[in-house]
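Worksheet: the structure to be examined is printed underneath.
The values are calculated or read from the model by the stated rules, or taken from the named source; none is laboratory data. Because the structure is a prediction, the values reported are computed rather than measured. Cβ placement follows ideal geometry from the backbone for every residue including glycine, while neighbour counts extend to all protein chains displayed. Note: areas computed on protein heavy atoms with side chains; ligands, DNA, RNA excluded. Shrake-Rupley method; radii C 1.70, N 1.55, O 1.52, S 1.80 Å.
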Amino acid sequence: MSGTDHATSYFTEDTSVEAVLARAAAPDNPRLAEVMRSAVTHLHAVVKEVEPTYEEWMAAIRFLTGTGQMCDDKRQEYILLSDVLGVSMLVDAINTRRPSGATENTVLGPFHVEGAPDLAMGETISQDGKGEPLVVTGRVMDVAGRPVEGAVIDTWQTSHDGFYDLQQAEQPENNLRGIFRTGADGRFSYRSVKPSYYPIPDDGPVGQLLHGLGRGNIRPAHLHYIVSAPGFETVTTHIFVHDDPYLDSDAVFGVKQSLIREFVRHDDPARAAEFGVEAPFWTVETDFVLTPAG
Ligand code: BEZ
Ligand code: FE
């Protein structure tokens, strides 16, 4: 190599990854360097495979810009992007590997709010009474089947026609949200209404992406839960309605076989009266099995 020949250290199509990685050979933050090494390697591989035109690359920049511009304290378009690309569920799977029999996690979603009303067992979370009544019963247990006392069950769901309270001005505040605490037997029960499948927001860049790919934006009907108890790992999960038409095409990949529950319809008015609801009504039973913390 002559004194003026630096060819091996300059950027070329062939050496692009090495050229970029060499700049961070002595990182202050080794984990950041490890993550970026992988990100740059894969990103360059995508660009080399796709060979974007300038116009296509600018479209990608506009997409990411628009995604950021859609974010505020009520809307997080980047999380939605992560959800529809399956990344939220993948990060969740990696961080919540549990023994078989333990309740599996699924995606949190953007509609949880802190400070839902504390309710007594058997109470209803429906404040407007709209929809077909649903009675939910179950137990919180450890992996050995022993009841967990003092478990906190934070639940939220859509209305009968597929909207969270945050999305509809006519719903009362905290409609279809509630927090319950198990007693010594680990059991819980509450009343609600049967939820519907619903669309995730499609009025931003993520919606354009889904439509451009011919993908749907519907989530199958579900009830959300965060179940926590001292000494146990917190579970963030849903249960899904067994015959929902969108179970196989959830826009955010949240469905797991172990989370599908049979929702049973009842038409008997006497039975309904026992539960303090009107016929027709629905019941569903679900247990939550917690693993020890750590
Ligand atoms: C939800 O289940 O509430 C949800 C999850 C991901 C994206 C949008 C909504
Ligand atoms: Fe949801």
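Sort through V152, V135, V140, V148 and tell me the only one that's open to solvent by 30 Å² or more (accessible area, probe 1.4 Å), assigned by TED's automatic domain parsing to the domain that holds R261 and among the β-branched types (V, I, T).
Exactly one residue qualifies, and that residue is V152.
Taking strands (runs of 3 or more DSSP E) that fall entirely within the stretch 81-186, which contain at least 3 residues that are within 18 Å of the chain's Cα centre (by Cα) and within 16 Å of ligand 1 (Cβ to nearest atom)?
So the answer is 152-157.
Which condition number in (1) in the same structural domain as H112 (by TED's automatic domain parsing); (2) farther than 22 Å from G214 by Cα; (3) more than 16 Å from ligand 2 (Cβ to nearest atom) is the one that V40 fails?
Every condition holds for V40 apart from (1).
How many of the residues in the stretch 209-261 are part of a loop (DSSP other than H, G, I, E, B), in contact with a Phe, Trp or Tyr (Cβ under 6 Å, 6 or more places away or on another chain) and either open to solvent by less than 10 Å² (accessible area, probe 1.4 Å) or within 11 Å of ligand 2 (Cβ to nearest atom) (or both)?
Adding up the residues that qualify gives 2.
Being surrounded by 11 or more Cβ atoms within 10 Å (Cβ to Cβ) and part of a helix (DSSP H, G or I) is the filter here; which residues of the stretch 263-273 pass it?
Hits for the stretch 263-273 are P269, R271, A272, A273.
List pairs: first in the stretch 156-176 and at positive phi, second polar (S, T, N, Q) and surrounded by 17 or more Cβ atoms within 10 Å (Cβ to Cβ), Cβ under 9 Å, 6+ apart or cross-chain?
As it stands, the answer is G162/S196; L176/S126; L176/T155; L176/Q157; L176/T158; L176/S159; L176/S192, since those pairs meet every condition given.
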